[in-house]
Amino acid sequence: MDTPGLAGLNREIHAAYLEELTPAERSALMSWTGFSATFAAVRAITYSIRSGKGPFHNVSAGSTHLHHYLWGIAMVSGVGAVAVHGTEENRRHPGVALGYGTGLALIVDEFALLLDLKDVYWAKQGRVSVDVGVGGIAIGGTILAALPILKRLVANRASRARNR
């Protein structure tokens, strides 16, 4: 029985996720999704902070600004701890893959700062091209990782159209 609407689509995507992807492919999809969503959110939040609009503000400990790569390093370190000490079930948990992608995006977003050890984060040269480049890579990787699910959804739609 077809369940119309968002609830039906949600169930269909979940079924395709479980049936079309191997555990390794699910991990890749969750990592890319975490990376893409986090990178986009961090870009939006930092532009909001920079423009002085919205509810977001820099996080500091005393007078020291805490850059978001610190949270990324902590997340990737946590994922590493699970990889080294966790059970196979824990290693394959979607939250671990999501944490890896999220942490990596937080690090990559401030890579220039880590590389130069200077706060060049908002320098005009190349900031937009870096945003677009990393954003494009993130979206591309997410789509490639989700391709088996997308193919199944297209096939389901074609089957339903033939049966009408």
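Of note:
- Fluctuation leader among Gly86, Gly34, Gly54 - the chain, Gaussian network, Cα springs under 10 angstrom: Gly54
- Local charge for Arg92 was computed over the other residues whose Cβ lies under 13 Å away, with Lys and Arg +1 and Asp and Glu -1, and equals -1.
- Here Thr87 and Glu25 are evaluated by their C-beta separation; at R0 = 25 Å the FRET efficiency comes out at 0.75.
- Rounded tilt (10° steps) of 5-20 against the dominant C-alpha axis of the chain: 90
- Rounded tilt (10° steps) of 94-109 against the dominant C-alpha axis of the chain: 40
- Total formal charge among the other residues, if their Cβ is under 15 angstrom from that of Met75, Lys/Arg +1 and Asp/Glu -1: -2
- A DSSP coil position with no more than 15 other Cβ atoms inside 10 Å describes the following trypsin sites (Lys or Arg not before Pro) in the stretch 15-53: Lys53.
- Shown for the chain: the carbon plus sulfur share of the solvent-accessible area, taken with all protein chains present and a 1.4 angstrom probe, equals 66%.
- Ala61 paired with Val132, simple spin-label distance in nm, labels 7 Å along Cα-to-beta-carbon: 3.8
- Shape index of the stretch 30-74: Rg/Rh, with Rg the Cα radius of gyration and Rh the Kirkwood radius from the inverse mean 1/r over Cα pairs, equals 1.02.
- The mean sequence distance of close C-alpha pairs (under 8 Å, at least 6 residues apart), as a share of the length of the chain, puts its relative contact order at 36 percent.
- The GNM of the chain, with springs linking C-alpha atoms under 10 angstrom apart, assigns the highest mean-square fluctuation among Ala138, Ala37, Ala81 to Ala81.
- Computed across the chain, the Kirkwood radius stands at 18.1 Å (inverse of mean 1/r, all Cα pairs).
- Rounded to the nearest 10 degrees, the angle from helix 23-51 to the longest Cα principal axis of the chain is 40 degrees.
The values are calculated or read from the model by the stated rules, or taken from the named source; none is laboratory data. Computed from a prediction, not measured in an experiment: that's the story for all the values here. Positions of Cβ are backbone-derived with ideal geometry, glycine not excepted, and every protein chain shown enters the neighbour counts. Protein only, heavy atoms only, side chains kept; ligands, DNA and RNA dropped before computing areas. Shrake-Rupley method; radii C 1.70, N 1.55, O 1.52, S 1.80 Å.
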